[in-house]
Amino acid sequence: MANEEILTVDALTLERHWTLPDRGKVGIVFLIITESVLFSMFVAAYLIYLGKSLVGPYPKDVLDVPILATICLLSSSLTVYLAEHALSKNELGRFKFWWIVTICLGLEFLMATGLEWKKLIYEDHLTISTNLFGTTFYSLVGLHASHVTVGMIFLLVVLAVTLMGFPIQTQFRRVLFLSWYWHFVDAVWVVVFTVVYIIGR
Amino acid sequence: MASIDYPLDRPRQEEEAHSFSESLYSWVATVDHKRLGLMYVVSALIFLVIAGIMALVIRMQLMFPDGHVVGPDTFDRLFTMHGTTMVFLVGMPMVAGFSNYLVPLMIGARDMAFPRLNAFGFWIFLFGGLLLYFSYIGGGGLGGAGSAPDVGWFAYAPLTSKAFSRGAATDYWALGILVSGAGSIASAINVIATTISLRCPGMTLSKMPMFVWVMLVDSWLILIALPPLSAAQIMLLMDRQLGANFFDTRAGGSAVLWQHLFWIFGHPEVYILIFPAFAILSEVIPIFSRKPLFGKPAMVGAVVAIGFISLGVWAHHMFAIGMTAWSNTFFAAASMLVGVPTGIKIFNWTATMYGGRIRYSVPMMFCCGFLLHFLVAGLTGIMLAVAPFDWQLHDSYFVVAHFHFTLIGGLVFALMAGMYYWFPKVSGRLLSEKLGKWSFWLLVVGFNMTFIPLHFVGFLGMPRRIYTYTADRGWNTINFVASIGALIQAVAIACFAWNVLYSLKKGEHAGDDPWDAWTLEWATTSPPPEYNFEKLPVVRSGRPLWDLKHPHDPDWKYE
């Protein structure tokens, strides 16, 4: 039975050195992949229907480049990283500060989108049913804005439980994955911005 | 069969008696992957019976010329609901059910990576299915126009626009499938994370059972292929509810965009559906041939190749819409290319059987049925990939016969093999071999009797989706024979259902390992305890139970 003993010892060393990727990381990465496919379909629809509108208003007449909102959203990627980095160092005060900054930047972006839509609807009379530009614009930008909103809800939940005294550093992995989702939403905005406000005009 | 004591074995626990409400609660609130897997499979079987009855009514209507069983409107709803149910509420939950039950057991894990997400996936899928069927009541909408969806399972624009699809039926179709699709995405992410992150010590990717490999690639395909459908359905709902113009040609929109989005999903989808069959065959054939799977690396390569090539063949469903010659050529060539890895798989299963000590138990018989039917289906598929040939037979019964050969002759036969093979693990009892052989032969006869003739009625020009035909077209005999075959298939399925119900109560006790198998799910009790393994196993080869049973000649010495 010496053979079996060797087997057991081998098995024990095998067990000790056996590490696999974090399941949460795998989960969030593949969620991002499948979301990217969803977005790419709407981006494709936008590009296919570019310039195919039969009636106005057209993008070049009514769209303004949302520079401030874009700066806000892109820099929120940096601030969410700073927050998550502070949390990994267990510096709760700095975490809270950067987390709140991230939320403010995100809210500013959402507000800018809201104001832009208000102007388009009330002043330029562009709705989703006006023409193909309206159809594809509101669906693509709306899909992105809804993702920002979902991310915002999660950010606010984390903030709320932190302020209520919950030891958020015990949930570092989840905060990390949330920040990855936020980076993804930002990256999508780069694509949407390029397609809608640069190529599209 | 003599049972061997494994170090992983533990004595079976006696079930405690529960009241009905307690056991109902325990099923509704469960996050156990085995229970969720079972619920997926059972709800898929229930939907299979419902959609099967629809198919029977369709066949009865077409049995004789000028049939009067149902009217044209009902007929449209029947084939729409039959197709939609079979694809989204039978095929998809079968994928999720089999992978949920078996993947954690096979890789030596205690549960899926995200058990609660898993429960969410099942319930949202079921909710989507019920939402679709609620259309029979609510589909009329406020105007009372229409009932269940009647736009075909692919719901081509502009038939789905407000003008042509009144009432809310089409909205139910889009919403129901959109919602159950979210369940499929949840389940696919779960399978991927489980496979990557929860393998037991020693189980490297190369030692992972073929079943798990196929399900991993299947989940990948779900993640890539389902969002295009979701996007299309969101656009459709926007068109119908908010007045958007995606598929409205009067505003410059394009009906062809729907076809592209639908088939970007639709073609990978047929591989998503057939992959569980590949997975089951790759486990059952080696066990019943007493040989390891032939050329496993080539099998893995083939399945990964399908996982990518199948994403680029969708427009072979659209040869008839008038694409450019270059597009036709590209998609015809890509469609033939995807036949190559499939051919590798058929070759390797046959090579596994070659020279083996084959046991013709019921699971193996169903596998042999699969191989022959799927070969025919593959060959008619190659025929349809030739664009000019497709122009002749597009939307004819030849196409119907082709994909029913893949989905019944292929998928259903493989699922039967899987259910006969794993039923002892799930229930602790064997299914009756005698009833199993009856259901096998009845299904072989009935299936071929229905679908071989339908190829020829397609050649004779019978189009799909017609609700009746006149007596002078020369289609009478073939349709009559096909309908008789459908009845025989129904008897075969009834035989299987009776077998399950009978064997649950009175079947022979199976023991832990009735088939003398090699993968980890047979190393625990039948049925497995909630935590699967008392001690997480450690594996050293692709056939861990072979190593345990043959300590002097283990596999890992050669790997």
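Nothing in this text is a laboratory measurement; each read-out follows from the coordinates by a stated rule. Quantities reported herein were computed from a predicted structural model and do not represent experimental measurements. Please note: Cβ atoms are built from the backbone with ideal geometry, for glycine as well, and neighbour counts cover all protein chains shown.
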Worksheet item: What are the lysines whose alpha-carbon lies under 21 Å from the alpha-carbon of B:LYS557, with same-chain residues fewer than 8 places away excluded?
Response: B:LYS207, B:LYS291, B:LYS296, B:LYS549
Discussion item. Quick check: the angle from helix B:92-106's long axis to the longest principal axis of chain B, C-alpha only, nearest 10 degrees?
Written reply: 10 degrees
Worksheet entry | Using alpha-carbon coordinates, inclination of helix B:72-84 to the longest axis of chain B, degrees | 30 degrees
Worksheet item: Helix B:476-506: angle to the longest alpha-carbon principal axis of chain B, degrees 0 to 90, nearest 10?
Response: 30 degrees
Item to complete: Please grab the % of Cα pairs in region B:31-107 that end up more than 18 Å from each other.
Response: 50 percent
Practice prompt. Can you put B:THR350, B:THR195 in order of Cβ neighbours within 10 angstrom, beginning with the fewest?
Written response: B:THR350, B:THR195
Worksheet item: When we measure straight from the Cα of B:LYS434, which lysines land under 17 angstrom away, once same-chain ones fewer than 8 places off are left out?
Response: B:LYS505, B:LYS506
Item to complete: Give me the distance between the Cα centres of region B:219-235 and region B:324-365, rounded to whole Å.
Response: 26 Å
Practice prompt. Grab the DSSP H runs of chain B that are 4 residues or longer, score each as -39,500 (n - 2.57), total them, divide by all residues and round the 222 nm result to the nearest 500 deg cm²/dmol.
Written response: -21500 deg cm²/dmol
Item to complete: Quick one: divide the alpha-carbon radius of gyration of region B:113-229 by 2.2 N^0.38 Å and tell me what you get.
Response: 1.39
Practice prompt. Return the sequence-ordered ³J(HN,Hα) values of region B:417-428 in whole Hz as given by the Karplus equation 6.51 cos²θ - 1.76 cosθ + 1.60 applied to θ = phi - 60°, using x for Gly and Pro.
Written response: 4, x, 5, 5, 6, 9, 3, x, 5, 6, 10, x
Response to the item:
region B:439-537 -> Rg/Rh from Cα coords, Kirkwood Rh, value 1.28
Worksheet item: Can you give the convex hull volume per residue for the Cα atoms of region B:310-366, as a whole number of Å³?
Response: 97 Å³
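Out of every Cα pair in region A:1-154, what percent are spaced more than 29 Å from each other?
Considering region A:1-154, 42 percent of its Cα-Cα pairs are separated by more than 29 Å.
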Worksheet, complete the sentence: Surrounding charge for A:PHE193, neighbours by C-beta under 14 angstrom, Lys/Arg +1, Asp/Glu -1, total -2
Worksheet item: Mind checking which helices in chain A clear 30 Å along their axis (Cα) and have mean Kyte-Doolittle hydropathy of 0.5 or more, DSSP H runs only?
Response: A:23-48, A:67-88, A:92-122, A:132-163, A:172-193
Discussion item. Show log10 I(q)/I(0) for region A:33-94 at q = 0.17, 0.22, 0.27, 0.30 Å⁻¹, two decimals, from a solvent-free Debye sum over equal Cα scatterers.
Written reply: -0.86, -1.01, -1.04, -1.06
Fill in: Relative exposure of A:LEU120, B:LEU236, judged by other C-beta atoms within 10 Å (fewest first)
A:LEU120, B:LEU236
Discussion item. Just the number: Rg to Rh for region B:189-307, Cα atoms, Kirkwood Rh, two decimals.
Written reply: 1.17
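How do A:TRP98, A:TRP117, B:TRP173, B:TRP349 line up, fewest other C-beta atoms within 10 Å first? Mind dumping the intermediate values first?
Working: A:TRP98 22, A:TRP117 17, B:TRP173 29, B:TRP349 26.
Ranking A:TRP98, A:TRP117, B:TRP173, B:TRP349 by Cβ neighbours within 10 Å, fewest first, gives A:TRP117, A:TRP98, B:TRP349, B:TRP173.
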Fill in: Span from the region B:388-452 Cα centroid across to the region A:64-105 one, whole angstrom
56 Å
Worksheet item: 222 nm [θ] for chain A, helices only, -39500 (n - 2.57) per DSSP H run of 4+, per residue, to 500?
Response: -26500 deg cm²/dmol
Fill in: FRET efficiency, 1/(1 + (r/R0)^6) with R0 30 Å, evaluated for B:PHE456 and B:THR74 via beta carbons
0.65
Practice prompt. Consider just the alpha-carbon atoms of region B:206-245 and return their Rg together with their Dmax, both in angstrom.
Written response: 16.9, 54
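Net charge near B:VAL212: determine it from the other residues with C-beta under 14 Å of the C-beta of B:VAL212, scoring Lys and Arg +1 and Asp and Glu -1.
That sum, taken over residues with Cβ under 14 Å, equals +1.
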Response to the item:
The answer for B:ARG429, listing residues at least 5 apart or on another chain whose modeled amide H is closer than 5 Å to its amide H, is B:ALA510
Item to complete: Provide the three semi-axes, in whole Å and in decreasing order, of the ellipsoid equivalent to the protein assembly as shown as defined by the square roots of 5 times the Cα gyration tensor eigenvalues.
Response: 43, 38, 23
